[in-house]
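Trainee: Can you read through this structure? Questions will come right after.
The values are calculated or read from the model by the stated rules, or taken from the named source; none is laboratory data. Note that the structure is a prediction, hence the values are computed from the model and not measured. Cβ placement follows ideal geometry from the backbone for every residue including glycine, while neighbour counts extend to all protein chains displayed.
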Amino acid sequence: MTFIVNILSLGIPFSVALLIASLGEMFNQRSGIFNLGCEGMMAMGAFLGMLVPYTIGQGADVPGIYNYLGLLLASGVGALLGLFFGLVVVTFRAPQGIAGIGMQMFGVGTAGTLFRHFIGGTQSVPGINTAPIPGLSKIPILGTLFFNHNPMVYVAFLFVPIAWYILFKTPWGLRVRAVGTHPRAADSIGIQVNKVRFQALAVGGALAGLAGAYLSLCQVKMFSDEIIAGRGFIAVALVYFGHWHPVKIMAGALLFALAQALQLAIQGLGIDFPYEFLVMLPYALVIVVLAFSRKSQKTGPSALGKPFNREIRT
């Protein structure tokens, strides 16, 4: 029982970065933009998130506030990178897959270069500590699992109903779904397709930056070149796995995170088994699940990856 509780208590915080980034990518794809640059945006967010408390937060009267300023900076820069990506793929109509790989390389490379210039080597930061919910955290088992986490864990899971409401219950969410499914029909009724796509990319970039900052400020409390470790690409895959729906995306993020927690727990048991196979377990799980999951064409954006030009009818 203790073994299972440990896996679950590790898996929930492990899922947060994936969940936040996947929700951002969901808005991108729902608007018709396929963004493989999520990994680069997360890397920039991870570096900038820890840079603020590392450079100006140490020795401050209220050092904790600089952690949250780091989160805001990471989100803001992520939004700017999303807009820049929109300039490339929406305005100039560059191939989205190639542009995404370019954004990934740009973000990871820039974050690593700035890290070596401003910090030079591996440095830790105090980060954002666990915030148990009074009363609820004392509940046996359930308290440890659900109510004894970092504040960003609670915020991330709160994002799920918020994203659902925005996507399915607001006029803006309707416009996002319209431009990702029938952009020409949306344009014919006065919806500015490219404007909505820029807005969705800004939201997706902000969430990607926030996800990266969560890793450096809340989970590992440091920055390294390999801190993202493919989570940006996993986030893109989870959007497909979750059929572009926030709740299903959350389930996919938890599944991957629990597999990651399981491999760490097995390593901790000291079993004589090549640890490399355990490390690849979560990634192999994603491939298997995607291979055998049935994509619903009804919920998927039919204009995904297709640039829109109102002057050309296809």
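Trainee: For the condition assigned to a helix (DSSP H, G or I), modelled with pLDDT of 95 or more and not basic (Lys, Arg), what is the one hit in 32, 45, 97?
Mentor: Matching residue, one of 32, 45, 97: 45.
Trainee: Another question about this same structure. Only one of (1) out of contact with any Phe, Trp or Tyr (no Cβ under 8 Å at 6 or more places or on another chain); (2) loosely packed, with under 14 Cβ neighbours inside 10 Å; (3) within 30 Å of residue 129 (Cβ to Cβ) is not met by residue 247, so which one is it?
Mentor: Condition (1) is where residue 247 drops out.
Trainee: Filter segment 81-102 for residues that are over 17 Å from the mean Cα position of the chain (by Cα) and of a type in the set (A, V, I, L, M) and give the result.
Mentor: Those that are over 17 Å from the mean Cα position of the chain (by Cα) and of a type in the set (A, V, I, L, M): 87, 88, 89, 90, 94, 98, 99.
Trainee: Report, by residue number, each residue of segment 192-243 that is of a type outside the set (Asp, Glu), surrounded by fewer than 24 Cβ atoms within 10 Å (Cβ to Cβ) and not in a helix (DSSP H, G or I).
Mentor: 192, 220, 221, 222, 224, 227, 229, 230, 242, 243 - these are the residues of segment 192-243 that are of a type outside the set (Asp, Glu), surrounded by fewer than 24 Cβ atoms within 10 Å (Cβ to Cβ) and not in a helix (DSSP H, G or I).
Trainee: Then there is this: Answer with yes or no whether residue 52 is crowded, with 22+ Cβ neighbours inside 10 Å, in contact with a helix residue (DSSP H, G or I) (Cβ under 6 Å, 6 or more places away or on another chain) and modelled with pLDDT under 95.
Mentor: yes
Trainee: From (1) within 30 Å of residue 228 (Cα to Cα); (2) not in a loop (DSSP other than H, G, I, E, B), pick out the condition that doesn't hold for residue 186.
Mentor: Among (1) within 30 Å of residue 228 (Cα to Cα); (2) not in a loop (DSSP other than H, G, I, E, B), residue 186 violates only (1).
Trainee: In segment 102-123, how many are in a helix (DSSP H, G or I) and in contact with a helix residue (DSSP H, G or I) (Cβ under 9 Å, 6 or more places away or on another chain)?
Mentor: Summing the residues that are in a helix (DSSP H, G or I) and in contact with a helix residue (DSSP H, G or I) (Cβ under 9 Å, 6 or more places away or on another chain) in segment 102-123 gives 14.
Trainee: Can you name every residue in segment 60-72 that is in contact with a helix residue (DSSP H, G or I) (Cβ under 6 Å, 6 or more places away or on another chain) and in contact (Cβ under 8 Å) with a residue 60 or more places away in the chain?
Mentor: Scanning segment 60-72 gives 63, 67, 70, 71.
Trainee: Among the numbered criteria (1) without any contact (Cβ under 8 Å) to a residue 24 or more places away in the chain; (2) on the phi < 0 side of the Ramachandran plot, which single criterion is violated by residue 135?
Mentor: Condition not satisfied by residue 135: (2).
Trainee: So, one more: How many of the residues making up segment 63-80 are assigned to a helix (DSSP H, G or I), over 14 Å from the mean Cα position of the chain (by Cα) and over 16 Å from residue 196 (Cα atoms)?
Mentor: 11
Trainee: Looking at segment 26-39, can you tell me whether even one residue there is within 23 Å of residue 118 (Cα to Cα), of a type in the set (D, E, K, R) and in contact with a Gly (Cβ under 9 Å, 6 or more places away or on another chain)?
Mentor: For segment 26-39, residues within 23 Å of residue 118 (Cα to Cα), of a type in the set (D, E, K, R) and in contact with a Gly (Cβ under 9 Å, 6 or more places away or on another chain): present.
Trainee: Pairs please, first residue from segment 74-89 and at positive phi, second anywhere and at pLDDT 95 or above, Cβ atoms under 7 Å, 6+ apart in sequence or on different chains.
Mentor: Within 7 Å, no pair qualifies.
Trainee: Could you say whether any residue in segment 63-76 is of a type in the set (S, T, N, Q) and within 19 Å of residue 212 (Cβ to Cβ)?
Mentor: The answer is yes; a qualifying residue exists.
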